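What follows is one structure encoded as structure tokens, with my remarks underneath.
Here, each number is a calculation from the coordinates, and none is a lab measurement. Remember, predicted model here, so these are calculated numbers, not experimental data. When we count neighbours, we look across all protein chains shown, and the Cβ atoms used for this are built from the backbone with ideal geometry, even at glycine.
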């Protein structure tokens, strides 16, 4: 096939089943966008490349499939890089594609538009998987290789750079279909070793991360066989229903977490990094018996000393381990573990309620909305107190519901664009984004993108008058707060000016009604609510 570099790219993406691309056209990538349209690939136009990255991230977390971002050279690619860092730290498969400097560009530069002397090196420092092609025919090979890497083992982002002089140049090329490495077969000897280590445990815990997203049933079975409690990472909410008696919740931020872990005599870590961004007290005081199930062998050596490693898919290994445990474990041991778990659940619930009290009405309104929803509810969260102290523990997720949270990098402005991406990936879902007033301003322009494409999403802005968490940290240090009080806009009026709906609500009942109404509107609805917290009392004078 002889076509342009942009044609080879579009052809290869279409052949891999890519139907949507998030990105903004620019001077150096016009042939790419022309060819994407020619091959029937939908273009979603954000208002900023960081928004494009977050949209792709939300769509990838929701669907489990690779999503694609296309930018132009230099600042555009670097704008997207913050979002791709978030995808990297949270193991989300997003492919970034951009032009780069021409093949014969001077090494020290000459002032070309959008010039970055080594754009690929800058991106590779964040993503790891990076490929700068050197011929037109190499473009489809780069696509196949990138997707092969992204669909094998632990999913992570990748980057393809096409020198801008190759995008419109023509040449022959052949398809190179991606080949995913299959999951390793479960080592049955490792299962037996782990089951033996867990046989007599009186106080076992499961710690479950987003790497176990498709393993909910098997994990619930393993918890039942052990009588164990389940601690979830933020992005693991919904893997097992929050109403399941085994689930202690996504309690990674609670100061009580070390005490909980110090009581445990065995931990099974499944699809989780055990990272400080998920489980704040560090290092985690895990017991001597640690069983670890993960697709990434490097995790066996990270954040814990593992006594029984199982390198395998979470669902396969959890199901086999549950079966092996049932044949060994006595009814008395299971019952003892359940009693301990029940006592623990009361302690944890009290602690979570105490930490989340300022956002209790927010969670009450969200829970009432969720209970009435016949389709999955996806909450796209921001790195804000309302989410990690409030919604993370206060929202009652059902099986199939999702909590999309920017854990690893902790970026601000994630919620709205990620929610847009999630809705595009799963049109039947009820999507709610939750952001603080400070973080929302990072990507508030993406309301315009949602208006243009009539994306039905509710954006709940929880207003405390500025950067509330940072204000609290300053006060707790004995500092005088500075640089944290923000003069925010009239958020509902801002939404209306951008073509969205805007409303202010007071209380749980009004929030539930506003969320239900938002789901019937063909476009975004901004719902503004004022926070009742120590930060708000200071910064808003309430």
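A few remarks follow.
- Where the Cα pairs of the stretch 105-179 fall when distances are cut into 10 Å bins, in %: 18, 43, 31, 8, 0
- Length gained when the stretch residue 37-residue 148 is fully extended (0.36 nm per residue, less Cα-Cα span): 37.5 nm
- Multiplying the residue separation of residue 305 and residue 513 by 0.36 nm and subtracting their alpha-carbon distance yields 70.0 nm.
- Across all C-alpha atoms in the stretch 356-539, the radius of gyration and Dmax reach 15.3, 49 Å.
- Cα pair distances exceeding 21 angstrom across the stretch 63-127, given as percent: 27
- For the stretch 185-246, the equivalent ellipsoid built from the Cα gyration tensor has semi-axes of 21, 15, 9 Å, listed from largest to smallest.
- With the gyration tensor restricted to C-alpha atoms of the stretch 160-212, the semi-axes of the equivalent ellipsoid amount to 51, 16, 7 Å, longest first.
- Binning all Cα-Cα separations of the stretch 359-408 at 5 Å, short to long from zero, yields these whole-percent fractions: 5, 22, 33, 25, 12, 3, 0.
- Computed over the stretch 2-172, the quotient of the alpha carbon radius of gyration and 2.2 N^0.38 Å is 0.93.
- When both the stretch 144-199 and the stretch 268-323 are represented by their alpha-carbon centers, they are found 21 Å apart.
- Full extension of the chain between residue 480 and residue 371 yields a length gain of 34.9 nm, computed as 0.36 nm times the residue separation minus the alpha carbon distance.
- Inverse mean reciprocal Cα-Cα distance (Kirkwood Rh) of the stretch 107-234, Å: 19.1
- Value of Rg to Rh for the stretch 197-292, rounded to two decimals, is 0.92; Kirkwood radius and Rg both from alpha-carbon coordinates.
- Separation of the residue 103 and residue 297 label points, Cα + 7 Å toward Cβ, nm: 3.7
- Two-decimal Rg/Rh across the stretch 188-352, once Rg and the Kirkwood Rh are taken from alpha-carbon atoms: 0.92
- For the stretch 1-97, fraction of C-alpha pairs farther apart than 22 Å, in %: 23
- For the chain, the alpha carbon convex hull comes to 151 Å³ per residue, rounded to a whole number.
- Computed over the stretch 481-537, Cα set: Rg, Dmax in Å: 13.5, 42
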